[in-house]
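One structure is given below, encoded as structure tokens.
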């Protein structure tokens with residue numbers, strides 16, 4: 001018992017020392033999570049200490065609360081003594097000579113004058129809390145951990161989120177959805193259509209009420225709708241375009257009235273979404289991301305985690321009682337609400353946020369493309385970057401003047417290049433060619449298994465990289481300079497109305513193209529997965545021989561899967577090139593394959609989880625530049641955690 | 001002369017000097033239950049593997065409805081109408097009970113990528129029909145109310161039955177069952193025998209099965225062939241074989257629990 005505690009403590013100490021000497025604490029020093037209260041390196045230290053306590057108590061069995069506390073605290077004591085010893089050592093000899101980024105973890109993190117004894121005590125206490133976590137019931141633990149993690153996450157990006165929407169925006173949306181659901185309950189409505197009608201009317205009523213308040217001066221400075229530091233984004237519409245405002249709330253009300261009879265998982269997801277809106281709304285009332293913001297975040301997420309853990313099964317049961325037609329309506333309502341949220345997102349997150357979302361979207365596209373092969377057939381494809389690059393370069397070649405489109409190596413200005421295509425002409429061609437390449441690659445791969453397959457796909461990715469850099473192809477691929485000047489898609493509807501033309505130059509406009517591509521890709525992926533073809537894929541993944549025994553042609557299945565996957569990866573690449581206004585070889589390294597692979601594995605086979613994973617691993621580092629250096633480290637940790645779950649039968653037929 | 005569904009002539013299979021099958025002849029008439037028995041290592045599963053295109057025989061002929069199966073791959077043999085189960089349960093992880101049976105219908109369905117993506121009228125109709133037929137098969141295997149479950153939660157005997165109806169889903173004319181009653185208790189064995197009878201009678205499927213359990217073999221089979229050290233030592237009606245001295249010798253020479261119970 002004592003031994004496991006000491007071992008855990010020593011392991012954790014080694015880890016924290018390593019992080020210290022590497023300078024992780026140093027690189028985060030001075031960045032506040034909660035202004036003047038909690039810095040990132042302190043949070044990091046706290047998280048590692050909680051982890052230490054948890055680990056020690058978990059390894060030690062943690063059969064009773066005092067024991068768990070003692071085991072956690074004991075491990076914490078070892079860590080803190082070790083760190084203090086390191087600091088004493090640092091006073092005696094100059095560690096910076098060998099480890100230039102070394103910073104005292106305890107003293108630097110606390111940034112206040114604490115005696116060594118106080119810091120020691122604090123660490124022990126926090127570690128004991130970790131020990132308690134290991135002892136407590138799994139349901140309670142997951143509530144606490146979820147809330148803590150989300151609070152931490154929100155604090156990271158708090159300053160950015162704070163200006164997204166005002167409190168009135170959040171409250172209006174929440175009021176429409178929650179009061180609609182309560183009204184449906186109170187009126188004892190059981191039919192889907194009636195519920196939606198009640199919700200819609202309720203939404204309209206609230207919209208009119210808000211409009212009346214706004215007309216009464218609520219939106220003028222100092223008015224009741226103007227509390228806080230952020231101008232109302234959504235409620236602001238009541239003046240500029242009242243019809244849109246009312247219609248939006250009617251729609252939200254109609255769809256939201258079904259919130260209490262959603263399938264359990266959707267119910268939980270939607271409630272977390274609403275909690276997020278509330279938290280952001282509250283943060284908008286503060287002049288910066290303060291201790292209050294963090295506290296409210298913690299409380300709201302604790303409440304929502306606790307509430308959904310109890311209520312989701314109730315909601316699930318209601319959903320099950322519906323007939324299949326109503327169930328379909330309920331599902332559509334959920335997707336509709338999610339879609340509405342996604343549709344309006346660029347309004348809230350600003351230029352930088354939209355740009356980040358676009359990047360996240362592109363990675364999501366690539367991951368879904370990879371998922372078709374990885375999750376369905378279970379082929380370890382390390383070469384997805386090849387198809388990503390193929391899509392980008394094909395689109396680049398077809399839409400810019402070059403050897404192929406103009407017939408001369410260096411086109412002059414005077415020459416009319418008749419071969420240059422528009423984005424819309426080039427895209428289908430890009431998809432088809434990418435798909436064909438996928439089919440061709442699949443043929444030799446059919447004969448390979450496991451490790452050999454991984455190596456072969458890795459080679460395909462590397463070949464792509466080398467071809468892009470090769471001088472031999474300079475006239476077409478531009479070698480190291482790549483292809484510059486790829487134009488953004490131009491939507492030309494001037495035939496219908498002379499004013500209807502749009503070049504998707506704004507990130508906020510381009511966002512919708514990516515959103516459309518994601519929806520299409522998700523649809524393609526899920527429809528295939530649940531069809532005869534997808535069932536054959538999954539059968540091959542589970543047992544190749546048995547699948548063959550049932551008459552499934554492995555080669556044919558591989559070719560179809562690779563073709564689809566490659567075409568979709570090509571789509572992601574094409575959009576990526578347009579996003580960057582060019583295709584450059586540096587964008588297409590092995591790391592892209594690894595990141596996509598990591599995302600798919602951490603996505604645990606579900607699109608929703610994949611989206612969250614992409615948001616966390618691609619989006620977050622954009623907001624928190626300090627994290628970008630550790631992106632692969634975090635991805636690695638996420639992978640290890642995900643792998644522990646992958647061995648369980650987590651997959652369901654719905655996918 | 002009787003028209004045989006499956007005719008095997010002079011089949012030879014060697015593995016690095018070990019002869020697994022030696023000049024085996026086998027004639028399986030249509031709409032019968034034909035059992036292969038023999039001590040461990042007699043070559044029964046090897047015979048199945050040769051029929052089902054896992055590896056080619058070194059010599060000999062395998063004719064199914066008058067067409068040779070030599071050189072065909074497993075999935076091609078399956079599409080010719082020969083389904084098979086394995087000695088160990090090989091259900092697909094991560095797929096529901098219903099989906100397992102739908103996979104069995106793979107070769108009979110036509111929906112391609114385009115049909116699946118556009119959910120065309122024909123593809124939806126095919127899917128509906130497939131699901132209807134799958135439910136009928138699940139009813140046959142008494143698994144109707146478990147169709148949304150994952151196979152891991154089923155008891156062993158239910159998994160075996162599921163595997164058999166999954167093979168049956170491909171609407172084969174010949175079903176190869178490798179020890180369908182292995183690890184299944186007595187009452188469930190009854191049920192298994194019943195299931196196999198219904199497969200022959202209601203679906204008109206010819207069954208070729210390998211079995212150790214003699215009570216199963218005698219109560220189920222129309223014909224029996226005995227294999228010993230890769231050679232067929234006897235065949236015919238169960239009663240004839242039980243009286244055949246070479247068959248008795250083959251079993252007396254092996255472990256006692258495999259002896260005939262006369």
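Any read-out appearing in this document is the output of simple, stated calculations on the displayed coordinates, not a laboratory observation. This structure is a prediction, so every number in the text was calculated from the model and none was measured. Please note: Cβ atoms are built from the backbone with ideal geometry, for glycine as well, and neighbour counts cover all protein chains shown.
Averaging the sequence gap over all C-alpha pairs within less than 8 Å and six or more residues apart, then dividing by the number of residues, gives chain B a relative contact order of 26 percent. Counted over chain A with a bin width of 20 Å, the fraction of Cα pairs per bin, in whole percents, is 16, 44, 36, 5, 0. Working note: Debye formula, equal point scatterers on the alpha-carbon atoms of segment A:379-517, no solvent; log10 I(q)/I(0) at q = 0.17 Å⁻¹ is -1.06. The label point for residue A:265 and the one for residue B:65, both projected 7 Å from the Cα toward the Cβ, are 4.2 nm apart. At q = 0.21 Å⁻¹, what base-10 log of I(q)/I(0) does the Debye formula yield for segment A:535-620 when every alpha carbon is treated as an equal point scatterer in vacuo? Here log10 of I(q) over I(0) equals -1.12. A full extension of the chain between residue A:1 and residue A:449 corresponds to an added length of 156.9 nm, given 0.36 nm per residue minus the alpha carbon distance.
The base-10 log of I(q)/I(0) for segment A:161-345, evaluated at q = 0.10, 0.13, 0.16 Å⁻¹, reads -0.41, -0.68, -1.00 [Debye formula, identical scatterers on Cα atoms, solvent excluded]. Give me the extension gain from residue A:215 to residue A:404: residue separation times 0.36 nm, minus the current Cα-Cα distance, reported in nm with one decimal. Working it through step by step, the gained length comes to 61.9 nm. With the gyration tensor restricted to C-alpha atoms of chain B, the semi-axes of the equivalent ellipsoid amount to 33, 22, 16 Å, longest first.
Computed over segment A:161-345, relative contact order equals 31 percent, with contacts defined as Cα pairs under 8 Å that lie 6+ residues apart.
Report Rg(Cα)/(2.2 N^0.38 Å) for segment B:137-262, keeping two decimals. Numbers along the way, then the final one.
Numbers: Rg = 15.9 Å, N = 126, 2.2 N^0.38 = 13.8 Å.
Cα Rg divided by the expected 2.2 N^0.38 Å: 1.15.
On the principal axes of its alpha carbon atoms, segment A:250-326 extends 49, 29, 12 Å, with the longest extent given first.
What is the Å³ per residue value for the convex hull set by the Cα atoms of segment A:560-608? Mind showing how you got there, number by number?
Details: hull volume 4.8 nm³, N = 49.
Each residue corresponds to 98 Å³ of Cα convex hull volume.
The alpha carbon centroids of segment A:1-28 and segment A:178-209 are separated by 54 Å.
What FRET efficiency, computed as 1/(1 + (r/R0)^6) with R0 = 41 Å and r the Cβ-Cβ distance, is obtained for residue A:65 and residue A:15, rounded to the nearest 0.05?
Numbers: r = 26 Å, r/R0 = 0.64.
Efficiency computed from Cβ-Cβ geometry: 0.95.
Using the Kirkwood radius over Cα pairs, work out the Stokes-Einstein diffusion coefficient for segment A:285-431 at 25 °C and 0.890 mPa s, in µm²/s as a whole number.
Numbers: Rh = 21.2 Å.
Answer from the Stokes-Einstein relation: 116 µm²/s.
Any idea what the alpha-carbon Rg over 2.2 N^0.38 Å comes to for segment A:512-570? Intermediate results must be reported in sequence, preceding the final value.
Numbers: Rg = 13.3 Å, N = 59, 2.2 N^0.38 = 10.4 Å.
Against the empirical 2.2 N^0.38 Å value, I get 1.28 for segment A:512-570.
Cβ-Cβ distance of residue A:287 and residue A:224, R₀ of 25 Å, FRET efficiency by 1/(1 + (r/R0)^6): the value works out to about 0.80.
Restricting to Cα pairs below 8 Å that are 6+ residues apart, what does the relative contact order work out to for chain A? Please round to a whole percent. Intermediate results must be reported in sequence, preceding the final value.
On the way: 1016 pairs, mean separation 87.1, N = 655.
Across chain A, relative contact order equals 13 percent.
Equivalent ellipsoid of segment A:2-136: semi-axes from √(5λ) of the C-alpha gyration tensor, largest first, are 26, 16, 12 Å. Here is the P(r) of segment B:1-56: all C-alpha pair distances, binned every 5 Å from 0, give 4, 16, 27, 27, 15, 7, 2, 1 in whole percents. In this rough spin-label picture, where each label sits 7 Å from Cα along the Cβ direction, the residue B:139-residue A:187 distance is 4.2 nm. Computed on the Cα atoms alone, the convex hull of segment B:93-169 gives a volume of 87 cubic angstrom per residue. Fully extending the segment from residue A:81 to residue A:474 would add 135.5 nm, taking 0.36 nm per residue of separation and subtracting the current Cα-Cα distance. Measuring max minus min along each principal axis, the C-alpha atoms of segment A:146-236 give extents of 43, 41, 16 Å (largest first).
The label point for residue A:335 and the one for residue A:492, both projected 7 Å from the Cα toward the Cβ, are 3.3 nm apart. Mean per-residue shielding of peptide A:518-525 is 1, counting Cβ atoms of other chains within 10 Å of each Cβ.
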